[in-house]
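All of the numbers you see were taken from the coordinates with simple rules; none came from a lab. From a predicted model like this one, the values you see are computed outputs, not experimental measurements. We place every Cβ from the backbone using ideal geometry, glycine too, and count neighbours over all the protein chains shown.
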């Protein structure tokens with residue numbers, strides 16, 4: 001699965017790394033008449049998976065982006 005990161009504040013980028021983005025479209029999986037799984041209706045889109053929340057010491061803290069959570073039906077916690 002493709003990943004992408006976004007810094008929500010410039011101060012979070014303590015290591016001066018470049019942001020990355022991906023264009024991902026997820027589809028619902030449905031069975032066709034033969035019983036095989038095929039792509040159905042569009043489920044959602046996202047351009048990055050993680051967004052920064054804070055940077056303390058030498059650590060950058062991340063969370064899943066809302067667009068990723070909605071498109072993939074993931075949870076914030078496990």
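Spin-label model, residue 61/residue 33: points 7 Å from Cα along the beta carbon direction are separated by 5.5 nm. Listed by Cβ neighbour count within 10 Å, with the fewest neighbours leading, 46, 27, 15 appear as 15, 27, 46.
For the chain, the 222 nm mean residue ellipticity estimated from helices alone, with every DSSP H stretch of n ≥ 4 adding -39500 (n - 2.57) and the total spread over all residues, rounds to -2000 deg cm²/dmol. For residue 72 and residue 8, a Förster radius of 30 Å and the Cβ-Cβ distance give a FRET efficiency of 0.90, rounded to the nearest 0.05. Note on region 4-73: Kirkwood radius taken over Cα pairs, Stokes-Einstein applied at 37 °C and 0.692 mPa s, translational D equal to 236 µm² s⁻¹.
How much length is gained if the chain between residue 41 and residue 18 is pulled fully straight, taking 0.36 nm per residue apart and subtracting their Cα-Cα distance, in nm to one decimal?
Working: separation 23, 0.36 × 23 = 8.28 nm, distance 3.33 nm.
Full extension of this stretch gives 5.0 nm more.
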